[in-house]
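Some notes on the structure that comes next.
The values are calculated or read from the model by the stated rules, or taken from the named source; none is laboratory data. Every value quoted in this text rests on a predicted model; they were computed, and no experiment measured them. For neighbour counting, all protein chains shown are included, and Cβ atoms are generated from backbone atoms with ideal geometry for every residue, glycine included.
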Amino acid sequence: MKKRVVVAMSGGIDSSTAAYLLLKQGFEVIGVNLRLWDLSPTNDAKAVASRLGIHFYILDYRKEFEKEVIEYFSCEYRNGRTPNPCIMCNKKIKFKSLLKKAKDLEADYIATGHYVRVKYDKERRRHILKKSKDKEKDQSYFLYSLSQGMLKRSLFPLGDYTKNDVKKLAEKIGIEVGNKPASQEICFIPDDDYKSFLIKRFPNIARPGPVINKKGQVLGQHQGIAFYTIGQRRGLGISYKSPLYVLAIDKKRNTIVVGEENQTHSKRLLATNINWVSIDRTNGSLRVKAQIRYRHLPSEAIISRPGRNKAKVTFAKPQRSITPGQAVVFYQRDTLIGGGIIEKVPQ
């Protein structure tokens, strides 16, 4: 009897090819499109499902997405932090809802078009999350928050393929999505205009305040802490002898702290909401390569003083613009050990 798998299909090249590969592997495939936002595409996904000859459903999760992702995104910016909504969406919406639908449809697995691999380690008795074959497209950073239960029932057909391989496959099987433009960074802000989006939701969010240096000298005025992020250089509106960057955001004092480029580097961070993926947990120090944002190059670091839900991370070399609200993810070679949310950067 064929194993049944529910595949998240956006209509793009990756999820479409993932569905095709699972069919070729002998699975009974059911496609679903998660409608998360009013602009969520459904027609392309439905057309691909029809071409592949599989059942297809559209699931309306707009209310859940509003509550768990958009509200989180907006509140983090209001607090002077820079969130990663894709990570929260994977944790709270996508995999959770896919597993629920899989249960309803008596499916054995769920699957997505993420470029990542999952292996079962018999010695550790754990499902191990590993980087994909295509290191440039690897998306393991976004999936560090998945539980063992989720990984056990998740398939990632593209993990052993490169993006070029996937494009060639799509052309070969006649899936007409190969030339679609890449999706925008944040799905619910298609024009990337965060400021207008936040003002529309919170008209009082644009509360001006002082811009100061580390000595406390006032250099100018900001338009509202929600519109700035650590490491930002442009848009400060301050004339100075050298370029200035945002070093810190103080919500309590409604203040932006700026400094020169050599002041943007730090060696330490405190992370919370830790999820250990490929190990049960660590009681001592652990050498890893830590990645502080998606396109950041992982750097040598030591995790120390781990608690039940937090960890101190010390880098071998100072890192530029460590940003509260972003995820920090830990690797050993190509294995994702765990990750958490950057809470603060000790001064």
Filter the stretch 276-308 down to the residues that are more than 20 Å from residue 143 (Cα to Cα), of a type in the set (D, E, K, R) and surrounded by 15 or more Cβ atoms within 10 Å (Cβ to Cβ) and list them by number.
none
On the basis of being under 23 Å from residue 296 (Cα atoms), among the aromatic types (Phe, Trp, Tyr), in contact (Cβ under 8 Å) with a residue 40 or more places away in the chain and surrounded by 13 or more Cβ atoms within 10 Å (Cβ to Cβ), does residue 188 make the cut?
no
Enumerate the pairs (first residue in the stretch 287-305 and not assigned by TED's automatic domain parsing to the domain that holds residue 317; second residue anywhere and buried (at least 17 other Cβ atoms within 10 Å of the Cβ) and part of a strand (DSSP E or B)) with beta-carbon separation below 7 Å, excluding pairs fewer than 6 apart on the same chain, so at least 6 apart or on different chains.
none
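Only residues that are in contact (Cβ under 8 Å) with a residue 60 or more places away in the chain and within 29 Å of residue 254 (Cβ to Cβ): list them for the stretch 87-102, please. Spell out how you get there, then give the answer.
Just the residues of the stretch 87-102 that are in contact (Cβ under 8 Å) with a residue 60 or more places away in the chain, to begin with: 87, 94, 97-98, 101-102.
Matches in the stretch 87-102: 87 only.
Do we find a residue being at pLDDT 90 or above, surrounded by fewer than 15 Cβ atoms within 10 Å (Cβ to Cβ) and not basic (Lys, Arg) anywhere in the stretch 153-160?
Yes, the stretch 153-160 has at least one match.
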Restricting to the stretch 71-107, count the residues that are surrounded by fewer than 19 Cβ atoms within 10 Å (Cβ to Cβ), part of a loop (DSSP other than H, G, I, E, B) and of a type outside the set (S, T, N, Q).
2
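Would you call residue 273 within 25 Å of residue 328 (Cβ to Cβ) and exposed (fewer than 13 other Cβ atoms within 10 Å of the Cβ)?
Against the criterion (within 25 Å of residue 328 (Cβ to Cβ) and exposed (fewer than 13 other Cβ atoms within 10 Å of the Cβ)), residue 273 does not qualify.
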For the subset of the stretch 27-44 comprising residues that are modelled with pLDDT of 95 or more, over 20 Å from residue 165 (Cβ atoms) and not β-branched (Val, Ile, Thr), which member is surrounded by the fewest Cβ atoms within 10 Å (Cβ to Cβ)?
28
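Going by the conditions given, is residue 311 crowded, with 20+ Cβ neighbours inside 10 Å, modelled with pLDDT under 95 and in contact with a Gly (Cβ under 8 Å, 6 or more places away or on another chain)?
Numbers: crowded, with 20+ Cβ neighbours inside 10 Å: yes; modelled with pLDDT under 95: yes; in contact with a Gly (Cβ under 8 Å, 6 or more places away or on another chain): yes.
Yes; evaluated as a whole, the condition is true for this residue.
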Quick check on residue 239: is it in a loop (DSSP other than H, G, I, E, B), farther than 24 Å from residue 195 by Cβ and not aliphatic (A, V, I, L, M)?
no
Residue ID - farthest from the chain's Cα centre (by Cα), chosen from residues in the stretch 1-27 that are assigned to a helix (DSSP H, G or I) and of a type in the set (A, V, I, L, M):
23
